[in-house]
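Input: a single structure, listed below in structure tokens.
A short reminder: the numbers here are calculations on the coordinates, not readings from a lab. Remember, predicted model here, so these are calculated numbers, not experimental data. Here the Cβ positions follow ideal geometry from the backbone for every residue, glycine too, while neighbour counts run over all protein chains shown.
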Amino acid sequence: MHRRLALAAALAALATSLVATPALAQQGDAKVLNLYSARHYQTDEALYEGFTRATGIRVNRIDGDDNGILSRLKSEGAASPADVVLLVDAARLWRAEQDGLFQPVRSAVLEQRIPAALRSEDAGQGSQWFGVSTRARVTVYDKARVQPAQVDSYAKLADPALRGLLCTRSGSHPYNLSLFGAMLDRTGPQATEQWLRGLVANMARAPKGGDTDQIRAVASGECGVAITNSYYLARLMRSSKPEDRAVVERIGVLFPDQAGQGTHVNVAGMAMARHAKNRDAALRFMEYLAGDAAQIYFADGNNEWPAVAQVRTQNPALAALGDFRRENVSVSAIGRNQAMVQQMLDRVGYR
């Protein structure tokens, strides 16, 4: 009940702030926005409804995964109805930019609120995508079998001392590809491939399932350590189900590389489609998602950290996880490294 009240309050604040913003009220008369979204979170529904109540602009949403959305944009070309695109992986945002699927956006609101590290490079015409929320790639471990010092860095996950203990989802999943792309930027090709080979050697079983499956596998004793996005863990931390509470009690969690280059952080981001027909509505929606209340909603609704640095949330799971040092690797570098990383995965047999 407390969570529902908090989300309702955030949406009410959103509506108030939008109505009271003259700059937004002067935008175009478009009454529809076509959204292509890779965010499959039911909590986002209320966010879009709040935008419609505040602006009168109806949101038509088409769901898909990142790859499906990008393929659709390519096939539709200039006939695409998409106005705004939401993707959940930094490397895919970079790839879409390289493929010419977005258009640059010049917005004082977005440039002021979204840090430069969480938006695409500005070539003088505006950025092509902007982060809306972030999530960390953390390690969870079995407190009965593994010591924190054994898994407090990504590098240590390849240590032979962890032979038969590691679990992950597919190496080719975007979340892992982005982490591996960051590692390639950090350590270079030779060290990264050797590290990946060590991960494969340490597997408790073949990669399978999603991140929540990895967490549960650690709690059940099938694995000793696993990699997961932080929001999957936060969902279990906020759950009222006894079985989820038991999982959280059994495991420990670490932000890797706090004594080194910092923990890998991925981003969910938004962009204006290259052939957007409702550009004014698209800009209003993007600025809406960068507002304080929307940013708080992302944190409460899907347990992600806001992209806007000054926004503070009341999410108990995020508060329990605490602050951490984030890596400083550019999204462009992660994107460029994808092809090389996939070749490495093939060579070392990481499926």
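Once Cα Rg over 2.2 N^0.38 Å is worked out from the coordinates, which option in [x] 1.00; [y] 1.20; [z] 1.06 does it equal?
From the options [x] 1.00; [y] 1.20; [z] 1.06, the structure gives [x].
Using only C-alpha atoms and all pairs of different ones, pull out the Kirkwood radius for region 219-306 in Å with one decimal. Please report the intermediate quantities before stating the final value.
On the way: mean 1/r = 0.0617 Å⁻¹.
When all Cα pairs of region 219-306 are included, the Kirkwood radius is 16.2 Å.
Distance between Cα centroids, region 331-351 to region 180-254: provide it in whole Å.
About 19 Å separates the Cα centre of region 331-351 from the one of region 180-254.
Using a Förster distance of 22 Å, how high is the FRET efficiency between Asp159 and Ser332, based on the Cβ-Cβ distance and rounded to 0.05? Don't skip to the end; give the middle numbers.
Details: r = 31 Å, r/R0 = 1.39.
According to the calculation, E is roughly 0.10.
Indicate, rounded to the nearest 5 percent, the antiparallel portion of the DSSP beta bridges found entirely in region 99-232.
70 percent
What ³J(HN,Hα) values, in whole Hz, does the Karplus curve 6.51 cos²θ - 1.76 cosθ + 1.60 give for region 335-351 when θ = phi - 60°, with x put for Gly and Pro?
Ordered by residue, 3J(HN,Hα) equals x, 4, 7, 4, 4, 5, 4, 4, 5, 4, 4, 4, 5, 8, x, 8, 8 Hz.
Give me the base-10 log of I(q)/I(0) for region 101-140 at each q in 0.19, 0.34 Å⁻¹, Debye formula, one uniform scatterer per Cα, rounded to two decimals.
For region 101-140 at q = 0.19, 0.34 Å⁻¹, log10 I(q)/I(0) is -0.56, -1.28.
How far apart, in nanometres, would the label points at Ser75 and Ser239 be if each is projected 7 angstrom from Cα along the Cα-to-Cβ direction?
3.5 nm
Pulled fully out, how much extra length does the chain show between Glu49 and Gln190, if you take 0.36 nm times their separation in residues and subtract their Cα-Cα distance?
Values: separation 141, 0.36 × 141 = 50.76 nm, distance 4.93 nm.
Full extension from Glu49 to Gln190 adds 45.8 nm.
Non-local amide H neighbours of Glu304 (under 5 Å, H modeled in plane, Pro and chain starts lacking H): which ones?
Hits under the 5 Å cutoff: Ala299.
Pull up all non-local amide H partners of Arg61: gap of 5 or more, or a different chain, and H-to-H distance under 5 Å with H placed in the peptide plane.
Under 5 Å from the amide H of Arg61 lie the amide H atoms of Leu35, each far enough along the sequence or on another chain.
Could you pull out every residue, at least 5 positions away or on a different chain, whose amide H is within less than 5 Å of the one on Gly171? Hs are placed 1.01 Å off N in the peptide plane, and Pro or chain starts have none.
Residues meeting the amide H criterion: Arg351.
Which trypsin sites (Lys or Arg not before Pro) from region 96-146 combine a DSSP loop assignment with at most 16 other Cβ atoms within 10 Å?
Of the trypsin sites (Lys or Arg not before Pro), the ones in loops of region 96-146 whose Cβ has at most 16 other Cβ atoms within 10 Å are Arg106, Lys143, Arg145.
Separation between the Ala339 and Arg325 pseudo-spin-labels, each 7 Å from Cα along Cα→Cβ, expressed in nm?
With each label point 7 Å from Cα toward Cβ, the separation is 3.4 nm.
For the chain, what is the percent of antiparallel DSSP beta bridges, rounded to the nearest 5?
In the chain, DSSP labels about 65 percent of beta bridges as antiparallel.
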